[in-house]
Amino acid sequence: MKGDRKRVLVTGGAGFLGSHLCERLVREGHDVLCVDNFYTGTRANIAQLLDAPNFEILRHDVTFPLYVEVDEIYNLACPASPIHYQHDPVQTTKTSVHGAINMLGLAKRLRVPILQASTSEVYGDPAVHPQTEDYWGHVNPIGPRSCYDEGKRCAETLFADYRRQHGLTVKIARIFNTYGPRMHPNDGRVVSNFIVQALAGRPLTLYGSGAQTRAFCYVDDLIDGLVRLMRSSGDDGEPVNLGNPCETSMRDIAAQVLAVTGSSSTIEHRGLPVDDPLQRCPDIERARRLLGWEPAIALDEGLRRTVAYFRVRCAGSIDAGVPA
Ligand code: NAD
Ligand code: UDP
Ligand code: UDP
């Protein structure tokens, strides 16, 4: 690679999104340092990278200080699925807030750009639809989702203040629901749940009426958005929505998963979780304008690729992988 080879830190690099990001950066010839405490990430996610001379892994918890030398930082460390982030909610808030402070302190010492993996959850159960970046959100500060939502909101505050107070170059990506290979089969997210259930011939667990909506982005599109954001020259530090603005109800997702898998599973209705947002869809005009980015992979194609992954992953051990 030419002179633009960088040393890149990816926190949460052994997770679902982080592993795809590491893969992309290694493929481009950068020196990638993956930092992870393996809370939800796994070595298997990065197994294909372990032999690469430009890939290194460090087991570390970002709630503790980290002294390394790098040229840019992607801060992805944080459990992302409701089951995982609600398992130890205090640790979730610590990871978001203390983790952000430490990674911002690192960026400040090194004077390097830092990107935060924020989330559409900062909009809570939104009263504005679709969500634009200037909407401040509708978030319960004391509910079961708050450790994640408020932790991520506080992290955004820290990123904005390190920019204003210390002149740091910060990038905030508000990521909407993303799916694809290497989602954890047991993390309770809707796409992985439905696919694993369909492949096992078990009922698909549809929460509530199934009329609630989300917008699902295929992982390759999302990673491209993150990389473009990091490399974008406009440095106003404003958050940027990254997601596929193709809004779908959970009922429709269930039907599509059944169609793609060819499964004859039935639908089993369960109660809607507390504070489950009723609708979610990004307005991505800012990403289009600033990054020239928009998703290219339609839900149908993305589901096919994800199903192909789970067919292999679950082969032989399908029961072990099925969420309750
Ligand atoms: P994931 O759970 O697969 O990955 C998170 C990674 O962070 C894991 O490897 C985990 O072990 C690691 N981690 C957790 N706590 C840590 C700590 N204290 N120190 C070091 N490492 C730690 O989740 P994901 O889907 O890959 O999400 C990655 C990031 O993107 C998260 O910050 C998440 O909030 C954000 N995000 C994801 C989505 C999505 O749909 N996948 C949507 C919005 C935002
Ligand atoms: N920090 C870190 N690595 C570094 C520099 C700082 O982990 O290379 C941590 C450090 O532990 C500190 C935090 O980042 O608690 C915030 O650093 P900052 O310089 O902003 O604040 P201060 O050290 O003044 O509290
Ligand atoms: N959901 C569902 N069945 C499942 C898992 C989730 O109907 O087995 C619903 C959930 O209630 C929510 C939507 O699917 O309305 C998306 O859930 P997920 O946890 O994937 O993402 P998030 O709620 O964090 O956007």
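Applying the selection to segment 63-95, what residues are more than 22 Å from Leu21 (Cβ to Cβ), within 16 Å of ligand 3 (Cβ to nearest atom) and free of Cβ contacts under 8 Å to residues at least 60 places away in the same chain?
The answer is His87, Pro89.
I'm trying to understand the selection: among the residues of segment 37-66, which are within 16 Å of ligand 2 (Cβ to nearest atom) and either within 15 Å of the chain's Cα centre (by Cα) or closer than 17 Å to Ala100 by Cβ (or both)?
Result: Asn37, His60, Asp61, Val62, Thr63, Phe64, Pro65, Leu66.
Does at least one position in segment 133-140 carry a residue that is within 16 Å of ligand 1 (Cβ to nearest atom), open to solvent by 20 Å² or more (accessible area, probe 1.4 Å), in contact with a Phe, Trp or Tyr (Cβ under 6 Å, 6 or more places away or on another chain) and small (Gly, Ala, Ser)?
yes
Kindly indicate the residue of segment 11-44 that is of a type in the set (S, T, N, Q) and open to solvent by 10 Å² or more (accessible area, probe 1.4 Å) and also nearest to Phe216 (Cα to Cα) among those meeting that condition.
Checked segment 11-44; the qualifying residue nearest to Phe216 (Cα to Cα) is Thr40.
Taking Lys6, is it more than 8 Å from ligand 1 (Cβ to nearest atom), modelled with pLDDT under 95, over 19 Å from the mean Cα position of the chain (by Cα) and more than 30 Å from Val191 (Cα to Cα)?
no
How many residues are under 14 Å from Thr40 (Cβ atoms), of a type outside the set (S, T, N, Q) and not in a helix (DSSP H, G or I) if we restrict to segment 63-112?
Counting residues in segment 63-112 that are under 14 Å from Thr40 (Cβ atoms), of a type outside the set (S, T, N, Q) and not in a helix (DSSP H, G or I) gives 6.
Filter segment 197-210 down to the residues that are open to solvent by 10 Å² or more (accessible area, probe 1.4 Å) and in contact with a Leu (Cβ under 9 Å, 6 or more places away or on another chain) and list them by number.
Tyr207, Gly208, Ser209
Yes or no, residue by residue, for (1) of a type in the set (Gly, Ala, Ser); (2) over 28 Å from Pro273 (Cα atoms); (3) out of contact with any Asp or Glu (no Cβ under 7 Å at 6 or more places or on another chain); (4) modelled with pLDDT under 95:
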residue: Asn45; (1), (2), (3), (4): no, yes, yes, no
residue: Leu49; (1), (2), (3), (4): no, yes, no, no
residue: Asn54; (1), (2), (3), (4): no, yes, no, no
residue: Leu66; (1), (2), (3), (4): no, yes, yes, no
residue: Tyr74; (1), (2), (3), (4): no, yes, yes, no
residue: Ile83; (1), (2), (3), (4): no, no, no, yes
residue: His87; (1), (2), (3), (4): no, no, yes, no
residue: Thr92; (1), (2), (3), (4): no, no, yes, no
residue: Val97; (1), (2), (3), (4): no, no, yes, no
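What number of residues within segment 61-79 are open to solvent by 40 Å² or more (accessible area, probe 1.4 Å) and touching a strand residue (DSSP E or B) at 6+ places or on another chain (Cβ under 9 Å)?
2
Kindly indicate the residue of segment 150-196 that is among the polar types (S, T, N, Q) and either more than 27 Å from Gln279 (Cβ to Cβ) or assigned to a loop (DSSP other than H, G, I, E, B) (or both) and also most open to solvent (accessible area, probe 1.4 Å) among those meeting that condition.
Only one residue tops the list, namely Gln165.
Every residue, every condition in (1) farther than 20 Å from Asp187 by Cα; (2) modelled with pLDDT of 95 or more; (3) of a type outside the set (D, E, K, R), yes or no:
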residue	(1), (2), (3)
Thr266	yes, yes, yes
Ile297	yes, yes, yes
Glu301	yes, yes, no
Ala315	no, no, yes
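Given the criteria open to solvent by less than 70 Å² (accessible area, probe 1.4 Å) and in contact with a Phe, Trp or Tyr (Cβ under 8 Å, 6 or more places away or on another chain), does Leu58 qualify?
no
Testing Asn193 on (1) within 10 Å of ligand 3 (Cβ to nearest atom); (2) of a type outside the set (A, V, I, L, M, F, W, C); (3) at pLDDT below 95, one condition comes back false. Which one is that?
(3)
Among (1) at pLDDT 95 or above; (2) assigned to a loop (DSSP other than H, G, I, E, B); (3) on the phi < 0 side of the Ramachandran plot; (4) under 14 Å from the mean Cα position of the chain (by Cα), which single condition is Ile142 missing?
If we test Ile142 against (1) at pLDDT 95 or above; (2) assigned to a loop (DSSP other than H, G, I, E, B); (3) on the phi < 0 side of the Ramachandran plot; (4) under 14 Å from the mean Cα position of the chain (by Cα), just (4) comes out false.
The values are calculated or read from the model by the stated rules, or taken from the named source; none is laboratory data. This one's a predicted model, so the numbers in the text were calculated from it and none came from an experiment. FYI the Cβ positions are ideal-geometry reconstructions off the backbone, even for glycines, and counts take in every protein chain you see. Heads up: the accessible areas ignore ligands, DNA and RNA and are worked out on the full protein's heavy atoms, side chains in. Shrake-Rupley method; radii C 1.70, N 1.55, O 1.52, S 1.80 Å.
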